[in-house]
Amino acid sequence: MRTFVVIIERAGDNYSAYTPELPGCVATGSTEKEAEDNMRSAVELHLKGLEEDGLGGCSHDVIVRHMRVAPR
């Protein structure tokens, strides 16, 4: 089992999700939870496809940091 960074963003009336570790692997949903659930399925399918094509796993690791910046 592997852990992925998943970014979920509001996109108008719905939500979109992606992981920087798997370029092209995206999902959407009408709620944040639905986008997350759909992304989990998308990641599983994406990894299965990579394995079937003999391409291994992810393209790179991602470092996530929160940064505080003072407003001007």
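Read-outs: derived from the displayed coordinates by stated rules, not from any lab. Everything quoted here is computed from the prediction, not taken from an experiment. Cβ coordinates were reconstructed from backbone atoms using ideal geometry, including for glycine residues, and neighbour counts include every protein chain displayed.
Counted residue by residue at 0.36 nm each, then reduced by the alpha carbon distance between them, the extension gain from residue 67 to residue 1 reaches 20.9 nm. The ranking of 8, 63 from fewest to most other beta carbons within 10 Å of each one's beta carbon is 63, 8. The GNM of the chain, with springs linking C-alpha atoms under 10 angstrom apart, assigns the highest mean-square fluctuation among 12, 56, 24 to 12. How long is the gain from residue 36 to residue 55 if the chain were fully straight, where each residue apart is worth 0.36 nm and the alpha carbon distance is subtracted? 4.3 nm is the gain from fully extending residue 36 to residue 55. Dipole magnitude for the chain: computed about the Cα centre from +1 point charges on Lys and Arg Cβ and -1 point charges on Asp and Glu Cβ, it is near 500 debye. Compared with the direct C-alpha span, the chain from residue 44 to residue 14 gains 8.6 nm at full extension, assuming 0.36 nm per residue.
Considering only 15, 28, 42, and ranking their Cα positions along the charge dipole of the chain that arises from unit charges at the beta-carbon of Lys, Arg, Asp and Glu, the one farthest toward the positive end is 15.
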